[in-house]
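The values are calculated or read from the model by the stated rules, or taken from the named source; none is laboratory data. Computed from a predicted structure; not experimentally measured. A quick note on method: Cβ atoms are made from the backbone with ideal geometry, for glycine too, and the neighbour counts reach across all protein chains shown.
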Amino acid sequence: MNQDVKVKSKSESYGHVFRELKVGPVTLPNRILFPTWQLNYAETDGSVSGKLMKFFTDLADGGCGLIMTGCAVVAPGGIPFNRVMHIDADKYIPGLKKLFAAIKERGAAVGLQMVHYGRQSSTSVSGDVLMAPSAIPCPVMSKYDPQYQVREMTAEDIEYIRNAFIDAAGRAAEAGADVVEVHACHGYLLNEFLSPYSNKRTDAYGGSVENRARLIVEIIEGIRARLIDRIAVSVRVSGDEFVEGGLKPGDFKEIVPMFEKAGIDMIHVSAGVYESMERIVPPKSLGLTPHVYIAGRIKQFSAVPVCAVGSILSRGLEGADAVLADGKADLCALGRAQMADPYLVKKSRAGREDEINQCKHCNSCTFWTTGDPEVYCAVNPDYKKPGL
């Protein structure tokens, strides 16, 4: 574990984890978040499946404070996998309404993350020429997709995408979400606009930091204008892209105030793009909490709560409580840890850490790197790979 994050002994209570947190109009029961994860558990039409229902309600039963569902695509084009969640049409509202109600009745807050995959999508899967701020192929996806094509977005395309995100937020609110999250990290479309690494435009949406942030700002403003204070708005960013010429933590000194002025209630700090995949889902070789310092740096620029993520993988909640105690973040996202055991929070609170199915930090759950059809887990019997 990074030396700047000290772990408490198991005998101590998790006093920082189990404090309520106000995020816009929503009060979270604790400081643990399940981050949006592309599970590939949805039905092939993008609707909520029984498998998704079980996965998310288990997390709610297990005590997680805020469960982010998704990644839900806001437009039919640019889809990388065949079983992603959708929020691009009203027909998805009933299924989401059922899912959100089931999560909330178990005591957790629920969110939905909205995404467009941009140049990191698949032409073969979507059947479309991919859209991006600039016609620069993704160095990773272009190698794996024999039909890969990407084009620069027009002004009409930008308006379409802006409205798609705003409309998706409206649907999420109608379905009962407490939080909507604008996915602007990991090299997907909105991250592509924000980053000088992938945005080489010369119009109002390229060049300066203000121009590169413009589309995200307009989306946040549009959501806030439509929904007022009915829902909390989060934005997820790659605080460091770990590529030459990409975003670094210091860039957010200008970016965060723009997002706050537009109306965000929380900023969720991740890292990496496809070219630095090891930063999106950090392997064991990077150690524990390798990206907490990025969240801590960005927290210096932020007036709204900041969420940290990335290998916060101690037994129980010791690591998360230490991050919060050190003031590096206001809440912690535990993805793989809660995939391994969705009851991690409840077991920890009861002092039953020895009963937790501990994440092995093996990353066999990252199906997009292993070639598997969906997320599997090496230690959770409900999600083990068939035949193992």
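Hey, could you check the stretch 79-116 for residues that are of a type in the set (Phe, Trp, Tyr) and modelled with pLDDT of 95 or more and say which is nearest to Ala175 (Cα to Cα)? Before the answer, list the steps.
Step one: list which residues in the stretch 79-116 are of a type in the set (Phe, Trp, Tyr), which gives 81, 92, 100.
After this cut, where a residue has to be modelled with pLDDT of 95 or more as well, the list is 92, 100.
On the way: Tyr92: 9, Phe100: 7 Å.
Among those that are of a type in the set (Phe, Trp, Tyr) and modelled with pLDDT of 95 or more, it is Phe100.
How many of the residues in the stretch 345-362 are surrounded by 18 or more Cβ atoms within 10 Å (Cβ to Cβ), assigned to a loop (DSSP other than H, G, I, E, B) and in contact (Cβ under 8 Å) with a residue 40 or more places away in the chain?
3
Among the residues of the stretch 338-356, write down those that are of a type in the set (A, V, I, L, M) and touching a helix residue (DSSP H, G or I) at 6+ places or on another chain (Cβ under 6 Å).
Scanning the stretch 338-356 gives Leu344, Ile356.
Evaluate the stretch 165-172: report whether one residue or more is without any contact (Cβ under 8 Å) to a residue 60 or more places away in the chain and either hydrophobic (A, V, I, L, M, F, W, C) or on the phi > 0 side of the Ramachandran plot (or both).
Looking for residues that are without any contact (Cβ under 8 Å) to a residue 60 or more places away in the chain and either hydrophobic (A, V, I, L, M, F, W, C) or on the phi > 0 side of the Ramachandran plot (or both), one finds none in the stretch 165-172, hence no.
Under 6 Å by Cβ, and 6 or more places apart or on different chains, what pairs join a residue from the stretch 27-50 that is more than 15 Å from Met85 (Cα to Cα) with one that is surrounded by fewer than 23 Cβ atoms within 10 Å (Cβ to Cβ) and acidic (Asp, Glu)?
Going by the 6 Å Cβ cut-off, the qualifying pairs are Thr27/Glu20.
Sort out which residues of the stretch 103-119 are part of a helix (DSSP H, G or I) and either touching a His at 6+ places or on another chain (Cβ under 8 Å) or closer than 22 Å to Leu33 by Cα (or both), and write them in order of number.
Ile103, Lys104
Sort out which residues of the stretch 165-187 are surrounded by fewer than 24 Cβ atoms within 10 Å (Cβ to Cβ) and either closer than 20 Å to His268 by Cβ or among the hydrophobic types (A, V, I, L, M, F, W, C) (or both), and write them in order of number.
Ile166, Ala173, Ala175
Is it the case that the stretch 297-319 has a residue that's at pLDDT 95 or above, under 29 Å from Tyr343 (Cβ atoms), assigned to a helix (DSSP H, G or I) and under 19 Å from the mean Cα position of the chain (by Cα)?
No: zero hits.
I need a count of the residues in the stretch 61-99 that are in contact with a helix residue (DSSP H, G or I) (Cβ under 7 Å, 6 or more places away or on another chain), assigned to a loop (DSSP other than H, G, I, E, B) and either of a type in the set (Val, Ile, Thr) or free of Cβ contacts under 8 Å to residues at least 12 places away in the same chain (or both).
Matching residues across the stretch 61-99 total 3.
Keeping to the stretch 125-155, report how many residues are in contact (Cβ under 8 Å) with a residue 60 or more places away in the chain and assigned to a loop (DSSP other than H, G, I, E, B).
Count: 6.
Can you tell me which residue among Ala340, Ala333, Ala322 is in contact (Cβ under 8 Å) with a residue 60 or more places away in the chain and within 30 Å of Thr44 (Cβ to Cβ)? Can you show your working first?
Numbers: Ala340 fails: in contact (Cβ under 8 Å) with a residue 60 or more places away in the chain; Ala322 fails: within 30 Å of Thr44 (Cβ to Cβ).
None of the other options fit; the residue is Ala333.
Counting only residues that are of a type in the set (A, V, I, L, M, F, W, C) and under 14 Å from Val281 (Cβ atoms), which one in the stretch 330-339 is surrounded by the most Cβ atoms within 10 Å (Cβ to Cβ)? It would help to see each step written out before you state the result.
Let us first name the residues in the stretch 330-339 that are of a type in the set (A, V, I, L, M, F, W, C), namely 331-334, 337, 339.
Next cut, under 14 Å from Val281 (Cβ atoms) only: 333-334, 337, 339.
Values: Ala333: 26, Leu334: 25, Ala337: 28, Met339: 25.
Ranking the candidates gives Ala337 first.
Which of the residues spanning the stretch 282-291 are in contact (Cβ under 8 Å) with a residue 40 or more places away in the chain and crowded, with 21+ Cβ neighbours inside 10 Å?
Answer for the stretch 282-291, where residues must be in contact (Cβ under 8 Å) with a residue 40 or more places away in the chain and crowded, with 21+ Cβ neighbours inside 10 Å: Thr289, His291.
Please enumerate the residues belonging to the stretch 191-223 that are of a type in the set (Lys, Arg) and either surrounded by fewer than 23 Cβ atoms within 10 Å (Cβ to Cβ) or more than 20 Å from Val269 (Cα to Cα) (or both).
Lys200, Arg201, Arg214
Considering only residues that are over 24 Å from Ile136 (Cβ atoms) and part of a helix (DSSP H, G or I), which ones fall in the stretch 259-295?
Phe259, Glu260, Lys261, Ala262, Lys284, Ser285, Leu286, Val292, Tyr293, Ile294, Ala295
Given (1) crowded, with 21+ Cβ neighbours inside 10 Å; (2) under 30 Å from Gln147 (Cβ atoms), where does Val129 come up short, assuming only one miss?
Going through (1) crowded, with 21+ Cβ neighbours inside 10 Å; (2) under 30 Å from Gln147 (Cβ atoms) one by one, Val129 breaks only (1).
Tell me which of these Gly327 doesn't satisfy, since it passes every other one: (1) assigned to a loop (DSSP other than H, G, I, E, B); (2) under 20 Å from the mean Cα position of the chain (by Cα); (3) surrounded by fewer than 24 Cβ atoms within 10 Å (Cβ to Cβ).
(2)
Tell me which residues, restricted to the stretch 9-61, are closer than 25 Å to Val125 by Cβ, β-branched (Val, Ile, Thr) and crowded, with 21+ Cβ neighbours inside 10 Å.
If the condition is that a residue be closer than 25 Å to Val125 by Cβ, β-branched (Val, Ile, Thr) and crowded, with 21+ Cβ neighbours inside 10 Å, then Thr36, Val48 are the ones that fit.
Is it true that Gly246 is at pLDDT 95 or above, more than 21 Å from Gly296 (Cβ to Cβ) and not in a helix (DSSP H, G or I)?
no
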